[in-house]
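No value in this document is a laboratory result; all are computed from the given coordinates. All of these numbers come straight from a predicted model, not from anything done at the bench. Note that we place each Cβ from the backbone using ideal geometry, even for glycine, and neighbour counts take in every protein chain shown.
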Amino acid sequence: MGSKVLVIGSGAREHTIAYTLLKSPTVDEVTVIPGNPGMERDGIKTSQLSVTNHAALNDYVKDNGIDWVFVGPEVPLMEGIVDDFAAAGIKAFGPNRAAAQIEGSKDFAKRLMEKYDIPTAAYRTFDELAPAEAYVREHGAPIVVKADGLAAGKGVTVAMDVESALKALEDIFVDHRFGAAGAKVVIEDFLDGQEFSLMSFVDGENFWPMPISQDHKRAYDNDEGPNTGGMGAYSPVPQIGQDVVDTAIETIVRPMCKAMVAEGVPFTGILYAGLIATADGPKVIEFNARFGDPETEVVLPRLTSDLNAGITAILEGRTPEFTWTDKGATLGVVLASDGYPVNVIKGAHVPSIPVDEDSHVYYAGVEAGSEPGSLVADSGRVLFVQVHADSIKAAQDKVYGIIDKLEIPGMFYRHDIGAKALK
Ligand code: AMP
Ligand code: GLY
């Protein structure tokens, strides 16, 4: 009998994780809670249980003979879902509440990086407006203002002038735009260079890095518009050399895993390092305690080993095996509801999207429409169209060949995913 796995979450990231698990020859059944109706098109089960009711989730796992749980998003991790599963004797892959602070508190992450000499932008932390304003005026621009705590990727202002930085401080301290997440602010030096994401499977001091990828955080073409959760991604990232990746592994990932163990908060799960390749070598912009979204949608399709076998090995204290293809490029584009990320207008009709063996649709913010089997948009990021091709250029041509033909009133997308790799 194969494994039964439960995935917690509802986005295109969780769709990708569930789809990859379901393709594994050692898996019989994958359920996602709460999931979305787009996932069901791939034979993934969903259940509408509340993710915050940990006691009910424990019962569900036991009643349904689930072998282990994968936790996708950061919020349940921060709320201690892995601690509660562990207390009930359930195997769950992800950091406990203490280790998830690496993402949940930018201040915690920064202090650890400082203590263990992990390269990152110089920073100061403030919990009051006046000294923060004084620091910005004295430091000058460019400068970066970040609300401490979880703000779904939207709590960061990269200010190219002092005015915008002061405005960001006002948003946080006076208008309380990020609620409790803005009670503290981290102000850091601007890092110049290309961004890339380096994710690893982690078990204490041991880790297994994945191929790197690049996200596109701004809403519109040419990196214009507000920061979003991510509008598209591709992997690998040819303009970032293997020497830079090797340096990032040795100066960032390895010491960070060691630091978490040394601090008594060992990390198990997916460690996401958001990095900038500066003239001075790779530096950290952020750590996340989970898979990136949309990076996962282009990285996991490159896995050539059995995801269930790999994670099960980690959960059982054995050495896992993860292997990846080095062939061609994987690239994908988010279709988002009009107005995202500021003022999302829900309800757009989701058309059927033609795919082949080298392309796939991963659904995110969708709900069932009034016609049987139809889907409508019910959130900002609606779905992700992923393709594989021989090169980044070929992947771009293929993905836009699919998307440009769609009738999608009420939705928009970026037309330049992967462009930085082609300059
Ligand atoms: P974060 O939520 O920390 O990932 O920040 C969101 C985005 O802001 C990042 O993806 C970067 O594009 C940008 N950013 C954050 N910190 C810096 C920095 N110190 N220097 C330059 N850009 C940054
Ligand atoms: N794509 C960035 C993130 O998942 O945080």
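Things to note:
- Residue-averaged 222 nm ellipticity for the chain, from DSSP H runs of 4+ at -39500 (n - 2.57), nearest 500: -8000 deg cm²/dmol
- Taking θ as phi - 60° and the Karplus parameters 6.51, -1.76 and 1.60, the scalar couplings of region 66-75 work out to 6, 7, 7, 10, 9, 9, x, x, 6, 4 Hz in sequence order, x denoting glycine and proline.
- Working value for region 3-135: equivalent-ellipsoid semi-axes of 35, 16, 15 Å, each the square root of 5 times a Cα gyration tensor eigenvalue, largest first.
- Rounded to the nearest angstrom and listed largest first, the equivalent-ellipsoid semi-axes of region 26-90 from its Cα gyration tensor are 20, 14, 11.
- Three-way shape call for region 333-403 based on the alpha-carbon gyration tensor, with the a/c threshold at 1.5: oblate
- Between T304 and A394, the modelled label-to-label distance comes to 1.6 nm, taking each label 7 Å out from Cα in the direction of the beta carbon.
- If the convex hull is drawn through the Cα atoms of the chain, its volume per residue in Å³: 142
- Interchain or long-range residues, amide H under 5 Å from Q194's placed H: A277
- A straight chain from I345 to D326 at 0.36 nm per residue would run longer than the Cα-Cα distance by 2.9 nm.
- Spin-label zone in region 180-221 - amide nitrogen under 13 Å from a point set 7 Å from the Cα of A122 along the C-beta vector: 188-191
- Across the chain, the mean sequence separation of Cα contacts (distance under 8 Å, 6 or more residues apart), normalised by length, yields a relative contact order of 16 percent.
- Residues with amide H under 5 Å from that of M411, placed H, sequence gap 5 or more: D338
- In a fully extended conformation the segment linking A141 and A183 would gain 12.8 nm over its present Cα-Cα distance, using 0.36 nm per residue.
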